[in-house]
Amino acid sequence: MTIKGILLEIASRKRGALSVSPQDVERARRKISKMWNSNLPEVLPPKLAAGVDGSRNKKVYAGYVVYALGVASLVFEKERRKNSVINGDVDILKPEEYSDSRLRNLMGILEYKGALSTLPKTELLFLDGSIVGALVRPNVFLYEVKGEVKKFVEELFEELKGKFSSDKIDSKDFYPEISKKYSGEDFVVACGYLEYLEYLLTIYRLLELSVRDGKSIVSISKRSNSRLYRLDTVLPDIAVLNFLQPPPGYSEPFEFSIEEEKKFQFPGKFDEALRRFKFKTFFLKMKEGIYKVELLGNISVEEAISYMRFYEVSGYNYILKEVHERVKITSSDMEDIIRELKFRGVTGREALGE
């Protein structure tokens, strides 16, 4: 028998293992009936709306990684496309260790800088994913960096803040300076920590700009680990909602700060600065899909839903769908990029014919 046949046999034996008990289903239904509003606000167009999304891909070689990053933004005046910008980056990370964490931060820098550049051009900005999730997601560089390395990097970060740009990853300009002082794992961790600080700075400046200039940010997540509504003792709220499929509508919103979402310490002055921002969050179903929505700014939940309904296509946000298609980096794209680099690397899997 093939491995596929064995795995299908195992899957057959485990059929139904992901079901929810009748008692838990009934309990969740009662909770949802109390917090779910089936009356969606009327469809209204914002004067100006924009969307930003980022993408990343990589090819792993023996000991290093070639990566590609992209970010796209689109500004709409009601139904009409008004402005479009695409930006990207291609480079090598070496060694491969820590590359996943670093790539997440590097893409975040580029994506949130795209948002920071786009926000002044619009009154309403749609983002793919959760801003709060992006901030509180555990980051390896909070714990791996040594005291001496940390101090050195934080001094470089003060210099980076003075050179902060809106369209590129500024941390990369400091790699040569870091390499003069550190090598091996210390070099990688120092670079990663500086990138993480730039990542936090970029998000902070985006949130600060939104509050200062009265701009609204609506972030939409297709997945979420949040259990704010406590619909189940184990499963996240969105999993229960998708299982039970309430009618089109939205949940009673929560207002919360990052302080309430997760207890841990951001580095330096970021700890106080980031905790002061307050968000409204709720789950929304316009047609088929259920999404977690976070709002920052003076926009009300009803206004946000009215605007999202205006740009709804098959239950999702058309602007975000459009920017996703424009910025998506495929495996085929990666192969073309590597050919353009005239790069001849070894993946270590050649002996397997891969």
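The values are calculated or read from the model by the stated rules, or taken from the named source; none is laboratory data. Keep in mind the model is a prediction, meaning the values are calculated, not measured. Note that we place each Cβ from the backbone using ideal geometry, even for glycine, and neighbour counts take in every protein chain shown. The accessibility values were calculated without ligands, DNA or RNA, using every heavy atom of the protein model including side chains. Shrake-Rupley method; radii C 1.70, N 1.55, O 1.52, S 1.80 Å.
List of remarks:
- Region 86-108: number of residues that are open to solvent by less than 60 Å² (accessible area, probe 1.4 Å), under 24 Å from Leu206 (Cβ atoms) and assigned to a helix (DSSP H, G or I): 7
- So Asn225, is it closer than 22 Å to Asp128 by Cα, open to solvent by 70 Å² or more (accessible area, probe 1.4 Å) and among the polar types (S, T, N, Q): yes
- Single unsatisfied condition, Val234 versus (1) open to solvent by less than 30 Å² (accessible area, probe 1.4 Å); (2) over 22 Å from the mean Cα position of the chain (by Cα); (3) among the aliphatic types (A, V, I, L, M): (1)
Table: residues versus (1) in a helix (DSSP H, G or I); (2) in contact with a Lys or Arg (Cβ under 8 Å, 6 or more places away or on another chain); (3) open to solvent by 60 Å² or more (accessible area, probe 1.4 Å).
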residue: Ile6; (1), (2), (3): yes, no, yes
residue: Glu9; (1), (2), (3): yes, no, yes
residue: Arg15; (1), (2), (3): no, no, yes
residue: Asp24; (1), (2), (3): yes, no, no
residue: Arg30; (1), (2), (3): yes, no, yes
residue: Pro45; (1), (2), (3): no, yes, no
residue: Val52; (1), (2), (3): no, no, no
residue: Val66; (1), (2), (3): no, yes, no
residue: Leu69; (1), (2), (3): no, yes, no
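- Picking from residues in region 120-133 that are aliphatic (A, V, I, L, M) and modelled with pLDDT of 95 or more, the one that is surrounded by the fewest Cβ atoms within 10 Å (Cβ to Cβ) is Leu124.
- Hey, Ile178 open to solvent by less than 10 Å² (accessible area, probe 1.4 Å) and in contact with a Cys (Cβ under 7 Å, 6 or more places away or on another chain) or not: yes
- Among the residues of region 228-253, just one is in a strand (DSSP E or B) and out of contact with any helix residue (DSSP H, G or I) (no Cβ under 9 Å at 6 or more places or on another chain), namely Gly249.
- Subset tally (residues that are among the aromatic types (Phe, Trp, Tyr) and either surrounded by fewer than 16 Cβ atoms within 10 Å (Cβ to Cβ) or over 29 Å from Tyr143 (Cα atoms) (or both)) for region 257-288: 3
- Asn83 being modelled with pLDDT under 95, assigned to a loop (DSSP other than H, G, I, E, B) and polar (S, T, N, Q): no
- Residues in region 143-162 include at least one that is touching a helix residue (DSSP H, G or I) at 6+ places or on another chain (Cβ under 7 Å), among the hydrophobic types (A, V, I, L, M, F, W, C), in a loop (DSSP other than H, G, I, E, B) and open to solvent by less than 70 Å² (accessible area, probe 1.4 Å).
- Filter pass, Val218 being under 28 Å from Ala72 (Cα atoms), modelled with pLDDT of 95 or more and within 21 Å of the chain's Cα centre (by Cα): yes
Yes/no per residue for (1) assigned to a loop (DSSP other than H, G, I, E, B); (2) open to solvent by less than 10 Å² (accessible area, probe 1.4 Å); (3) within 28 Å of Leu48 (Cβ to Cβ); (4) charged (D, E, K, R):
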site	(1), (2), (3), (4)
Leu110	no, yes, yes, no
Thr118	no, yes, yes, no
Asn139	yes, no, no, no
Ser165	yes, no, yes, no
Lys172	no, no, no, yes
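- Among the residues listed as Ser306, Ser300, Ser331, the single one being small (Gly, Ala, Ser), open to solvent by less than 70 Å² (accessible area, probe 1.4 Å), in contact (Cβ under 8 Å) with a residue 24 or more places away in the chain and out of contact with any helix residue (DSSP H, G or I) (no Cβ under 8 Å at 6 or more places or on another chain): Ser306
- Residue within region 209-218 that is surrounded by fewer than 15 Cβ atoms within 10 Å (Cβ to Cβ), outside any loop (DSSP other than H, G, I, E, B) and in contact (Cβ under 8 Å) with a residue 24 or more places away in the chain present: yes
- Considering residues of region 237-256 that are within 13 Å of Lys292 (Cβ to Cβ) and among the polar types (S, T, N, Q) only, the residue most open to solvent (accessible area, probe 1.4 Å): Asn242
- Of the residues making up region 313-328, those that are closer than 23 Å to Phe254 by Cβ and either open to solvent by 10 Å² or more (accessible area, probe 1.4 Å) or of a type outside the set (A, V, I, L, M) (or both) are Gly315, Tyr316, Asn317.
- Index of the failed condition, Val60 passing every other in (1) in contact with a helix residue (DSSP H, G or I) (Cβ under 7 Å, 6 or more places away or on another chain); (2) open to solvent by less than 60 Å² (accessible area, probe 1.4 Å): (1)
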